[in-house]
Amino acid sequence: MKIHECMLMLLLGLIIWILGTIYYAYAGHRVLETTAARYWVSFAISPIISAAFCILILRWRHIAPSNWAVAMLLLAIPGMVGEAVVLSNLGTFMPRIQEASGGRYGAFLFATYAVVLGIAEFATLRSAR
């Protein structure tokens, strides 16, 4: 991948993180502080939607599958760093979410990053065959 493509992936990752954080700051309590069934449905769907969105970005940019792991990691890094700050100051950045829901929010994040990065790694390894 060229340097400008890497920088674009980082920028897009930052934008996605900002928009996602704003969404969860205002609506996260509806997802995290609800019935168990609604939480688990959201928990299952969120990583799938995020992965599909990221794959669309990679295809839009014509990123070769051999570079998907690198590209997806570049998309994820801004959010991973940003969420570390948010989770350590949840009451400040997300006042509508109860502190006790921080673990649920963190679980959402870990699941989403694991699915997205796992798919990218699978695509990269498959392309090496």
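Residue count for segment 1-38, restricted to those that are at pLDDT 90 or above and closer than 26 Å to A69 by Cα: 20.
For segment 1-17, state whether one or more residues are in contact (Cβ under 8 Å) with a residue 12 or more places away in the chain, out of contact with any Asp or Glu (no Cβ under 6 Å at 6 or more places or on another chain), assigned to a helix (DSSP H, G or I) and charged (D, E, K, R). Yes, the conditions are met somewhere in segment 1-17.
When segment 74-108 is filtered for residues that are buried (at least 17 other Cβ atoms within 10 Å of the Cβ), free of Cβ contacts under 8 Å to residues at least 40 places away in the same chain and farther than 15 Å from I22 by Cβ, only G102 remains.
Any chance segment 39-48 includes a residue that's more than 22 Å from H4 (Cβ to Cβ), surrounded by 19 or more Cβ atoms within 10 Å (Cβ to Cβ) and modelled with pLDDT under 95? Yes; the residues of segment 39-48 include at least one that is more than 22 Å from H4 (Cβ to Cβ), surrounded by 19 or more Cβ atoms within 10 Å (Cβ to Cβ) and modelled with pLDDT under 95. Can you find even one residue in segment 92-108 that is assigned to a helix (DSSP H, G or I), modelled with pLDDT of 95 or more and under 12 Å from the mean Cα position of the chain (by Cα)? No, there is no match, as no residue in segment 92-108 is assigned to a helix (DSSP H, G or I), modelled with pLDDT of 95 or more and under 12 Å from the mean Cα position of the chain (by Cα). Scanning segment 114-129 for residues that are touching a residue at least 60 places away in the same chain (Cβ under 8 Å) and more than 15 Å from A52 (Cα to Cα) yields R126, S127, A128. What do you reckon, is M1 surrounded by 12 or more Cβ atoms within 10 Å (Cβ to Cβ), within 17 Å of the chain's Cα centre (by Cα) and under 30 Å from R129 (Cα atoms)? Criteria not met by M1.
Among the residues of segment 49-73, write down those that are charged (D, E, K, R) and surrounded by 16 or more Cβ atoms within 10 Å (Cβ to Cβ).
none
The values are calculated or read from the model by the stated rules, or taken from the named source; none is laboratory data. If you're wondering where the values come from, they're calculated on a predicted model, not measured in any experiment. Methodologically, a virtual Cβ is constructed for each residue, glycine included, from the backbone with ideal geometry; neighbour enumeration extends over all protein chains shown.
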